[in-house]
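Enquirer: Take a look at the following structure, please.
The values are calculated or read from the model by the stated rules, or taken from the named source; none is laboratory data. What you see is a predicted model; the values in this text were computed from it and never measured. With ideal geometry, Cβ positions are generated from the backbone for all residues, glycine too; neighbour counts draw on all protein chains shown.
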Amino acid sequence: MGRTVHFEIHVSDMERAKTFYGEVFGWSFQDWSDYAGMPYFGAVTGSDDEMGINGALMQRQGAEPQANQAVNGYISTMGVADYDATEAKILAYGGKVAKAKHALPGMAWQGYYLDTEGNIFGIHQPDENAK
């Protein structure tokens, strides 16, 4: 099986990105730059007893994403307990709406955002009453 075990988010400004993901989602970071040979911070996204994966922020090696370009990588979606509170944090810390909150009827609330580095990500709040 090819189960996802790690993700990498490419960033231009490491400190800005660490602040964004740390404040919005409560992630913590471990400096793995010596191992990677470039600015590279392991992202701890939750405790080991929670479902999910950890990843990293890595120094971008090319051009930043441009507005309205097609997605040319993966979009990670984070599960959240309170959609509206999370969206408020995203916007307060410099994120922008890419696709507004919408219902996945009978399942959840979903939306997509741009982080401070121009990357698209989603948030997902389970709610079987969403419509």
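Enquirer: Among the residues of the range 96-123, how many are buried (at least 18 other Cβ atoms within 10 Å of the Cβ), closer than 19 Å to VAL71 by Cβ and touching a helix residue (DSSP H, G or I) at 6+ places or on another chain (Cβ under 8 Å)?
Expert: Total meeting the criteria: 6.
Enquirer: Let me ask another. Would you pick out the residues in the range 110-127 that are part of a strand (DSSP E or B) and either within 9 Å of ALA98 (Cβ to Cβ) or out of contact with any Leu (no Cβ under 7 Å at 6 or more places or on another chain) (or both)?
Expert: GLY111, TYR112, TYR113, LEU114, ILE120, PHE121, GLY122, ILE123, HIS124, GLN125, PRO126
Enquirer: Could you give every pair whose Cβ atoms fall below 7 Å, whose first residue belongs to the range 38-51 and is under 14 Å from GLU23 (Cα atoms), and whose second residue is hydroxyl-bearing (Ser, Thr, Tyr), counting only separations of at least 6 or pairs across chains?
Expert: Here the result reads ALA43/TYR21; VAL44/SER28, each pair linking the range 38-51 to a residue that is hydroxyl-bearing (Ser, Thr, Tyr).
Enquirer: Here is a check on your reading of the model: is ILE75 in contact (Cβ under 8 Å) with a residue 60 or more places away in the chain and of a type in the set (A, V, I, L, M, F, W, C)?
Expert: Taking the combined requirement at face value, the residue does not satisfy it.
Enquirer: Any idea which of ALA43, ALA70 is modelled with pLDDT of 95 or more and over 12 Å from TYR113 (Cβ atoms)?
Expert: None of the others qualify; the one that does is ALA43.
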